[in-house]
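The structure under discussion appears below in the form of structure tokens.
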Amino acid sequence: MQDQTQPCVYLSPDDEEHDDGLPPEPLHPSQWRDLPSGYVQRMKVYKTLWARCLSRMQTLVHAIHAPVACEVALEIKSAYEDQLPGLPYHEIPVIALAAEPGSPIYADVVSQLESPSTVQGQERRDLLIHLHPSECPNLLSMMRAVVTGFTAQSGTERRTRSAVSLANYDFARLQAWYRTLDSHPNLVVFVHDFEQFDVGVVQDALYICSLHVPRVPLVFVLGLTSPSTPTHLHKAYARSTLALLRIRAFTAPSGQSVTEEVLARTYFDPTFEPDIMIGPATLDFLHDFASRHTSSLDALYTVLQLAHMKHFTEPLTVLADASSDAHPSLTDESARPFVSALALRLQRSTDSAPDDLLDAVQSARAAFHRKARELRVALAAAEAARRIGQMAGAHSVEEEDALQFARAVLRGRVEKEVRYLGMVVRKLPAEQLGMLLAELLALFEQVGAGGDGSEEGTPHAQLQNLFAQLPRSEEGEDGNPDADGPPQEDGAPGVRELSDALGGWLVDFLEQRFVRLDEGPLWDMWYMGNTPFPAELINPAPRLAVVSALTHPSDFARAHCELLEPAPSPSASPSPADPLDLDGDEEDEGEEALWELPDASILFRRYVEAGRMVNVYDWFQSFAVVLEGQRRRLRKREREAEGEDEEESEEEGASAEEESEEWVEEVQARFMRALHTLDWMGFVRHTGRKADHIIRTVYDVLD
Amino acid sequence: MKDYNRLRKTLHPGSDRVATQLTALLTACPLSFLYIYDSDCARIASGILRGVCEELAGESTRFRYAFANAVACFTPRLFYDTVLNALSHHTPDWEDGCENWAGTSVEGQRWNESIDTFLHGLRAIAAEAQVGESNGKGKARASVNGAGVGARCKFVLAVERPERLKENMSELIVPLTRLAELSQVDIVTVFVSDVRWEDIRPPSGASPEPLYIDVPVLSKQDVLDTLASYFPPDESSLVNSNIDPDTYNPVFRPLYVHFVATVYSICGPFTHDPHELAYIAAARWPGFIQPILDEHRQRLREYEEYLASRNEDGDADAEDMGPPELVAPTEDARLRLIRLFTPSLTAALEALYPRLTNAADWARTHTPPPNLLTIHPSQVPVAFRAAAAGHADGTDVRGVDGLPRMARFVLVAAFLASTNPPKSDVRMFGRGPEDRKRRRRKGGGPRKGRAGTATKIPQRLLGPISFGLDRLLAILGVLLEENDAETRPSAPQYSVPGEYTDVEISRVAIFAQVMELSSMRLLMRTSPPEKIDSVPTFKCGISYDTALKLAKDVGIPLNSLVWEGIQYGNT
């Protein structure tokens, strides 16, 4: 049950109202060495860097979706041009577009449609409206949404005397409006969340539309989120309705393959340099979450954003962004702990000048990014070797994809794999060898890494040497302009030597480049490393957390108070938030007695022991008994503390009468408060029939 | 309008009797309520009626008609507007703010308020029509009572799909059937439906009995004639399509007649609906004619080569032979074509009748191999298969296997919860607390049914039963504990067996998964979503086959977990 305390770690007790845009400032154990306004400044840096990362991912997604979006847009535009002749009646063109909910592909399609198309010599821009399930609870509102949606777009809304004109849900109105248009655009209806629509309503609406095509050229684009075989259309709609439609199905690429591609090309692409490098723990979590729960892009973005936020809880990360020149002033006295912590990390004396420290940070940043870049290039090279090796029939050690390999590289556990790759390359036939060499050279050209080829000893130059030795076959590799060595004619033996050399080169190269990123100065500024991902924030178990908080309140209180305690000393003092003054030594023994718990917990403990229904009076009685015991013990403890036992008791006896009245009221009040707390948390359901009973909502409570 | 002319002409051969009957009834007979019943295809029956009306309206200016579709006119106001505008020959204009026909009356008169105003509107139209007829324009004087001089104007109001009136506007049925006597206008109400009057008739005899006209079932010849009539009359209809422009060349018309006869003979046992048959024919014809066009093109090429070679020879001016013309194939070739394409017609019926795909796409993906007629008959099936494989588009289909792992578990659990009776749960999924991990249920063995007792129909044939969310989660917990425990990331903090699973099934992602699946309609929510204080109930929305597939993917032995699978041994 230990990790059940996790979900509340970042929730400060009063975080309900924060509408100033920034989330409340969480307290962190490392706060003592933070800058005075460190949190705000780090958030600023975080926002810049995360925006950069997000826009990279969105660009990638956009590129992945582009072909399908283009196809759909083309299909919409030509929906009424490409008709099969000889059909008995006109069908409504319907495009069933299967995509994950909230997929950006709709926006892509819409932006494709924005550009006018030229049909039969005249320019035309199709008009479109969007329908959502909430707008269309019945046929009347759906038809109104369709009719007014289009007619409102022309901008020439006529004066209408509603009573004597056509109703605004009358299709004839749309027809009259369409007759006034010169360009004869297609009318495109985007139906979002199609599964949510009422089948009867849509069926009638489609029937009505089918009476008017092709005079009013409607095109429906149905956004489906369910799997496309068989489509929801075929499962839910009658054949008579399907017969009115010409359904074309499209599927937007989605799922795990897309998220992994986005991930790989954001963090492991040699041509892109992420500001904050992802760590293997986060990668593991992402992989597990995508395959297990949801592989939507939204989930990917959220997880990565959270990982970034977590990364920026470290005070030093305020210096992570190279381009931001608004560096916090380190000369202030209040920045002293920060500067000394930084100096300690850089192994300088704590009184070095802040500018020197900043320079050191700059060079550390450059070193880290160079290392990461080289790692990415090496990864790309290894990937090329793996791919070509597979083409030549070799199997990798384990069947794994590029991302898994990347994770292993980040963990530094790839020696075996690297040696195997070298062996595969040594056995490559001449043709594949040429391909690999050309690809590797192209890679180096592309990234311009490893020197420009002129210096001896850089990997690029070595590679060019090797390429120059490659025996040319007649098909002629169109290689590299630099590599213009004379073709050698020694055939197979030359190839053997060459592949040996290349294999050796590859192993050397990879071993040299596959270094651990969590070494070197200040690595944790730009690398998430192996810090575990706060999975509980993405996927909490709220009910279990609440139940265990009620059964073990002091554990939670302690965790909370540790969190709130800004002092560097980890020895936690008793929580001031505790409703009861608990002894520290008793607390440490784990299980407290029932009377030591707060009221709500006492009540909850009794609730757990009850049957399906709880008699409120009995509940109250047992609660009162516990409170009585509690009062007695507290009194006793008080007396022991004060050391005066004899006289007090007599006085007490005198005022017992009036006190007992007060006491009963207090017990009632505390009971009501605790009951309302439980009610508010949803543990209590009221019955209509038995006024003095409540129904439990939670049954199997684990201890 | 052209469509209807064509339809009428072509439909009349088969529906001659109905058409003449209708003409007579609408012109001469004083009856005011007709009911046309066509069990097969009311669309065709209303086509006939439309044709008759058009013809009559063309002959006499004193004949007006209106068609109202009870699905399209789903409120009384829509109905009144549609009918009155059609009878008054008024087309609402966007420039005028889509005003309805106002009549000659003063401003602000509206006819669409209630049945009363509607009747007044009818009378006003009748009066106007009559005045316009007898006096000509200019001298028109409104006479709302309609008791003018000269012959009265004849109106026809046809209501399509009147069965929908019953649910949408049941209060309209009686007035509509008595329209003539209520409005004092010479109007005939015609209901055209594929539902019998008995099923629509309002209770307690409030409506008069209609005159029934039953459209006879189309004979084979009628269907064939109808199908043949869909052959596009000119090439204008081919302008925008991406099929061969010669596909519907008039020389092929006789071949088309033979072709539709073949289509009928193969698909006829399954459907008589001419529209469906025409749909299949339209999808198959471009492929059917392709070999002949290929052959023709081959001949053209040969001719051009011949011309070229002759030009080289020097006698270019000798133009004794023109290019080969497109001709109908010989009897032999026709028989061969029909034999070649017969199997694909069955495939077309299977794919197109349930609209698993559409005709245009089917036509494209089932293009026959090029130069089919030159291929040896024994090679033909191979060639067909190769062509089909070439056309199969490689778009990745997002089937159920695209679902994440938890979604599959939830769906399988939902299938079990919907199929197994709740009281069997303890037997099926109950595990003792001491060996919570990995205790296989001992096979119960098929229960011996006593002779003479009625066999119970398996639940999965009766449809899913609904279940509460907590039952689903409990079953999901058992499935996860037994089939998913190994694949989870390790979590040393959970020491008690089963604790990890308990935490997993109470996580937010599981609830989110359930909601997402129900938004995809793979789970059907049976309790109202706005009620949040009771346990939500669901039904499973996937079939046995899908469940089996999903279960296999995640390694669940589904058949041994289905209650009836054990009981009957029918897995």
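The values are calculated or read from the model by the stated rules, or taken from the named source; none is laboratory data. This structure is a prediction, so every number in the text was calculated from the model and none was measured. Here Cβ is always computed from backbone atoms with ideal geometry, including for glycine, and neighbour counts include all displayed protein chains.
Quick notes
- Residue that is farthest from the chain's Cα centre (by Cα), among those in the range A:161-202 that are more than 28 Å from A:E81 (Cα to Cα) and among the β-branched types (V, I, T): A:V164
- Some residue of the range A:178-195 being among the β-branched types (V, I, T), at the interface with another protein chain (Cβ under 10 Å from one of its Cβ atoms) and surrounded by fewer than 18 Cβ atoms within 10 Å (Cβ to Cβ): yes
- The set of residues in the range B:95-122 that are of a type in the set (A, V, I, L, M, F, W, C) and either away from chain A (no Cβ under 11 Å) or assigned to a strand (DSSP E or B) (or both) comprises B:V106, B:I115, B:F118, B:L119, B:L122.
- Elements of type strands (runs of 3 or more DSSP E) in the range A:59-146, at least 2 residues being closer than 20 Å to A:P217 by Cα and at the interface with chain B (Cβ under 10 Å from one of its Cβ atoms): A:92-98
- For B:V71, the conditions (1) assigned to a loop (DSSP other than H, G, I, E, B); (2) within 11 Å of chain A (Cβ to nearest Cβ); (3) modelled with pLDDT under 90 are fulfilled apart from (3).
- So B:A360, is it surrounded by 13 or more Cβ atoms within 10 Å (Cβ to Cβ) and either modelled with pLDDT under 85 or in a helix (DSSP H, G or I) (or both): yes
- The residue that is farthest from A:L60 (Cα to Cα), among those in the range A:252-276 that are touching an Asp or Glu at 6+ places or on another chain (Cβ under 9 Å) and more than 14 Å from chain B (Cβ to nearest Cβ), is A:D275.
- Tally, over the range B:517-535, of residues that are among the β-branched types (V, I, T) and either at pLDDT 90 or above or outside the structural domain of B:A414 (by TED's automatic domain parsing) (or both): 1
- Filtered residues of the range A:515-555 (kept if among the hydrophobic types (A, V, I, L, M, F, W, C), within 13 Å of chain B (Cβ to nearest Cβ) and assigned to a helix (DSSP H, G or I)): A:A535, A:L537, A:I538, A:L544, A:A545, A:V546, A:V547
- Yes/no for B:S236 being under 26 Å from B:A45 (Cα atoms) and at pLDDT below 85: no
- Residue list for the range B:271-285, filter: within 16 Å of B:V257 (Cα to Cα) and more than 8 Å from every other protein chain (Cβ to nearest Cβ): B:L277, B:I280, B:R284
- When A:H28 is tested against (1) more than 14 Å from chain B (Cβ to nearest Cβ); (2) modelled with pLDDT of 70 or more, only condition (2) is not met.
- Note on the range A:230-247: among residues that are of a type in the set (D, E, K, R) and within 7 Å of chain B (Cβ to nearest Cβ), the one that is surrounded by the fewest Cβ atoms within 10 Å (Cβ to Cβ) is A:R239.
- Sole exception among (1) within 25 Å of B:P274 (Cβ to Cβ); (2) touching a residue at least 12 places away in the same chain (Cβ under 8 Å) for B:G103, by number: (1)
- B:F538 being at pLDDT 85 or above, within 22 Å of B:F429 (Cα to Cα) and in contact with a helix residue (DSSP H, G or I) (Cβ under 6 Å, 6 or more places away or on another chain): no
- The set of residues from the range B:72-103 being surrounded by fewer than 22 Cβ atoms within 10 Å (Cβ to Cβ) and on the phi > 0 side of the Ramachandran plot comprises B:H89, B:G97, B:G103.
- Residue in the range B:205-215 that is of a type in the set (S, T, Y) and surrounded by 21 or more Cβ atoms within 10 Å (Cβ to Cβ) present: no
- Any hit, the range A:592-604, residues being of a type in the set (A, V, I, L, M, F, W, C), modelled with pLDDT under 85 and part of a loop (DSSP other than H, G, I, E, B): yes
- Failed item, numbered, when A:A281 is tested on (1) within 20 Å of A:A372 (Cα to Cα); (2) crowded, with 21+ Cβ neighbours inside 10 Å; (3) of a type in the set (A, V, I, L, M, F, W, C): (2)
- Some residue of the range A:256-266 being more than 24 Å from the chain's Cα centre (by Cα) and of a type in the set (K, R): no
- Filter pass, B:T117 being in contact with a Ser or Thr (Cβ under 9 Å, 6 or more places away or on another chain) and either aliphatic (A, V, I, L, M) or at negative phi (or both): no
- Qualifying residue in the range B:468-476 (condition: closer than 25 Å to A:P227 by Cβ, modelled with pLDDT of 90 or more and within 12 Å of chain A (Cβ to nearest Cβ)): yes
- Scanning the range B:83-94 for residues that are more than 7 Å from chain A (Cβ to nearest Cβ) and not in a loop (DSSP other than H, G, I, E, B) turns up B:V83, B:L84, B:N85, B:A86, B:L87.
- Condition check for B:I510 on (1) without any contact (Cβ under 8 Å) to a residue 12 or more places away in the chain; (2) out of contact with any helix residue (DSSP H, G or I) (no Cβ under 6 Å at 6 or more places or on another chain); (3) not hydroxyl-bearing (S, T, Y): one failure, at (1).
- In the range B:501-515, the residues that are surrounded by 21 or more Cβ atoms within 10 Å (Cβ to Cβ) and within 36 Å of the chain's Cα centre (by Cα): B:Q513, B:V514
- Selection status of A:S295, on the phi < 0 side of the Ramachandran plot, within 14 Å of chain B (Cβ to nearest Cβ) and of a type in the set (S, T, N, Q): yes
- Considering A:E456, A:E417, the condition of being surrounded by fewer than 17 Cβ atoms within 10 Å (Cβ to Cβ) and modelled with pLDDT under 85 is satisfied by A:E456 alone.
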